[in-house]
Each structure stands twice: as C-alpha cells, then as structure tokens.
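The values are calculated or read from the model by the stated rules, or taken from the named source; none is laboratory data. What you are looking at is a predicted structure, and each value in this text was computed from that prediction instead of being measured. With ideal geometry, Cβ positions are generated from the backbone for all residues, glycine too; neighbour counts draw on all protein chains shown.
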Amino acid sequence: MEVDFVLNQDNKLVAIEVKSGQRYSAPKGLAAFSDKFNGAKTMIVGEGGGVPLAEFFLTPASKWLE
C-alpha cells in the first residue's frame with residue numbers, strides 16, 4: 001500500500017495521492033488505505049480528475065480534514 005501524503009488531526013485521516021498528467025489509473029493505494037483505516041477520506045491532487053494543484057496549495061490543510 002502506498003499513498004503520497006497523509007493528513008492526521010483529531011483522529012481524522014486523509015490519504016492524498018498526487019498525480020501528474022491527464023491520464024492515470026485509479027490509485028490502488030487509496031483504496032487499500034481506506035480499507036485499512038475505516039472512515040479515512042481519500043483525495044487525488046492533480047489535473048484530470050483530481051483537485052487542481054493550485055487549489056490544493058491555496059487551501060488550508062484543515063479544510064481537507066473536514
């Protein structure tokens with residue numbers, strides 16, 4: 001299982017996968033993380049279906065933990 005980043009605060013978890021380019025397969029690491037840590041949120045950062053990189057960097061991390 002592999003994800004790029006994990007946010008953790010007050011028992012809330014968010015697994016983050018960063019992708020470049022417009023074509024990529026569904027990240028298996030996010031599904032495995034979500035299965036292992038019940039209730040964890042997952043998100044993809046990058047163009048082509050994820051949160052755009054600029055938006056991700058301009059948004060406080062606490063927003064992703066909501």
Take the stretch 1-17 and flag every residue that is in contact with a helix residue (DSSP H, G or I) (Cβ under 8 Å, 6 or more places away or on another chain) and at pLDDT below 90.
-> Met1, Glu2
Looking only at the stretch 36-66, which residues are closer than 14 Å to Glu2 by Cβ and among the charged types (D, E, K, R)?
-> Lys36
Hey, any hits in the stretch 42-54 for a residue that's surrounded by fewer than 11 Cβ atoms within 10 Å (Cβ to Cβ) and at negative phi?
-> yes
